[in-house]
Amino acid sequence: MLMKADVAVIGTGVMGSNLARNLARQSGHRVAIYDRDVERAQKLAADFPEADFIVASDPADLAGKLAEPRVAILMVNAGRATDSAIGDLAEAFAPGDIIVDGGNSHFQDTIDRGVRLEGTGTEFAGVGISGGEVGALLGPSLMVGGSETAWQRLRPLLEPIAAKAGDEACVDHIGTDGAGHFVKMVHNGIEYADMQLISEAFTLLRDSLGMTPAEISEVFADWNTGELESYLIEITADVLAHVDEATGRPFVDIVADAAKAKGTGAWTAQVGLDLGVPVPTIAEAVFSRSLSSAADLRAEGLNLPGPRPGAESPALSADDRASRIDEIGKALLLGKVMAYVQGFHEIAVGAREHDWNIDLGALAGIWRAGCIIRARLLDRIVAAFDVETPPENLLAADFVREIAESCQESLRSTVVQAIGHGIAVPGLASTLSYFDGLRTEAGSAALIQAQRDRFGSHTYARTDRPGVFHTQWSGDRAEVEV
């Protein structure tokens, strides 16, 4: 009798094929693979015979080649392709089987898909996977959303293939339905912010200090030995040291200054707006990518007045230059911390909104390895929440206050220096505004509420007594309690 597979991977693109190979190598389970392009699945099996893949020709064939109760992991494009694959599997699967979406789906789509499958008896789980193609092969960070029953079924499959932070597997049950994809979305939003802040630090070193990419690479390599240590800092040093073979120029100088995006950063900003959660550093990172690709607008903008970045670099002593580099590093560190504060705030509010019991410390723990935002700071976040009475939000953590105390002056001076040189630093500048907004007892919102009541009768609260009020602006201007 033909041996059946324990798990299936559907979609044999780069991510799907690497995840299938990881499962076959690490989990001790037999893996079936299926792709609508059957020849691509067959080629994967032929290229990696050691994986001993079972290749299916269609969803019904796949169902017949899986041991019951079945588990299938979708690694296809988000959107229609995912819906189509789920529909095909739902027809072939039986009650008790599990369909897992491992793609970058919007969390609300994951919630809706689970609802649609409820009547079939087939379980649905959404798993956020971070680490890119290398992580999929060697160990990603896995954020599981779904029922407790689904998690217990998936756990022995996913724990062996996950990245390891020390002895701990970077996989956890985040919550029900769309929780896994929700936190993966926010992870990517933090990633957007982190990349933007790092790129601004690079631009400041280049355009205000006149440093070469090779020199800046050394700075990033040095930063990666301290509190800024992270995967993104590490690869930035590597990228900046790379020389283009065709031209002999620094690689970063021959890459077009127009960044693309796949949508998760924008989703994070949009959901932040929906939830009433401020995520300005993340939002500015998204807008900066949009601006970078607005070619016609930028061409016209070249004629605008103002200082030209990099037009002339100041003659600084070695000590002054080192001091400026240190200030930029501290500004970057506080920016990164504030991006985490924003992201964890959105996760906490989203969890309350959707009734997910998300353990923020455990979540930080599974981001310590495998994922793109893995960083030394995550150890401090884990420790901050691993206490008898965890803080209500990350901003209340002692280490955040300590970093703010030591770095806020550097953030201010760095933003001022950038403005003086005409260097756009939307990530750092928005972080500073967010930081000062948090520490401002009375800002501009009181006037905004007064304006809203004046033109639209939108009401307001008072500082001296409870209640909701409206001033009769078009009448005798008497105040009434609503």
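Nothing in this text is a laboratory measurement; each read-out follows from the coordinates by a stated rule. These numbers come from a predicted model, not from an experiment. Heads up, the Cβs are rebuilt from the backbone with ideal geometry, glycines too, and the neighbour counts pull from every protein chain shown.
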Task: Three semi-axes of the equivalent ellipsoid, segment 370-444, Cα gyration tensor, whole Å, largest first - done: 27, 17, 11
Task: Share antiparallel - DSSP beta bridges, the chain, percent rounded to 5 - done: 35
Task: Length gained when the stretch D464-E479 is fully extended (0.36 nm per residue, less Cα-Cα span) - done: 4.0 nm
Task: segment 386-482: trypsin sites (Lys or Arg not before Pro) falling in loop per DSSP and having at most 14 other Cβ within 10 Å - done: R439, R462, R477
Open item on the list: Just to check, using Stokes-Einstein with a Kirkwood Rh over alpha carbon pairs, what's the diffusion coefficient of segment 185-438 at 10 °C and 1.306 mPa s in µm²/s?
Closed with: 84
Task: Separation between Cα centres of segment 1-71 and segment 415-482, rounded to whole Å - done: 57
Open item on the list: Using only alpha-carbon positions, what ratio does the radius of gyration of segment 7-177 give when scaled by 2.2 N^0.38 Å?
Closed with: 0.93
Task: Given K164/K262; K43/K65; K262/K330; K4/K43; K43/K262; K262/K336, the pairs whose alpha carbons are separated by over 24 Å - done: K164/K262; K262/K330; K43/K262
- [ ] Report, in deg cm²/dmol and to the nearest 500, the calculated mean residue ellipticity at 222 nm for the chain, where each DSSP H run with n ≥ 4 adds -39500 (n - 2.57) and the sum is divided by the residue count.
- [x] -17000 deg cm²/dmol
Task: segment 157-250, Rg to Rh (Cα coordinates; Rh as Kirkwood inverse mean 1/r) - done: 1.11
Open item on the list: Let me check against my output: what whole-number percent is the relative contact order of segment 344-482, with C-alpha pairs under 8 Å and at least 6 apart?
Closed with: 10
- [ ] Could you list the GluC sites (Glu not before Pro) in segment 353-427 that lie in coil according to DSSP, counting only those with at most 15 other Cβ atoms within 10 Å of their Cβ?
- [x] E388, E392
Task: Interatomic Cα distance distribution for segment 180-333, bins of 10 angstrom, percent - done: 10, 32, 36, 19, 3, 0
TODO: Fewest Cβ neighbours within 10 Å first, please rank E300, E284 accordingly.
DONE: E300, E284
Open item on the list: With an 8 Å Cα cut-off and a minimum separation of 6 or more residues, compute the relative contact order for segment 7-177 in percent.
Closed with: 20
Open item on the list: Given contacts defined as C-alpha pairs under 8 Å and at least six residues apart, what's the relative contact order of the chain, whole-number percent?
Closed with: 13
- [ ] Diagonalise the Cα gyration tensor of segment 1-63 and give the resulting equivalent ellipsoid semi-axes, square root of 5 times each eigenvalue, largest first, whole Å.
- [x] 15, 14, 10
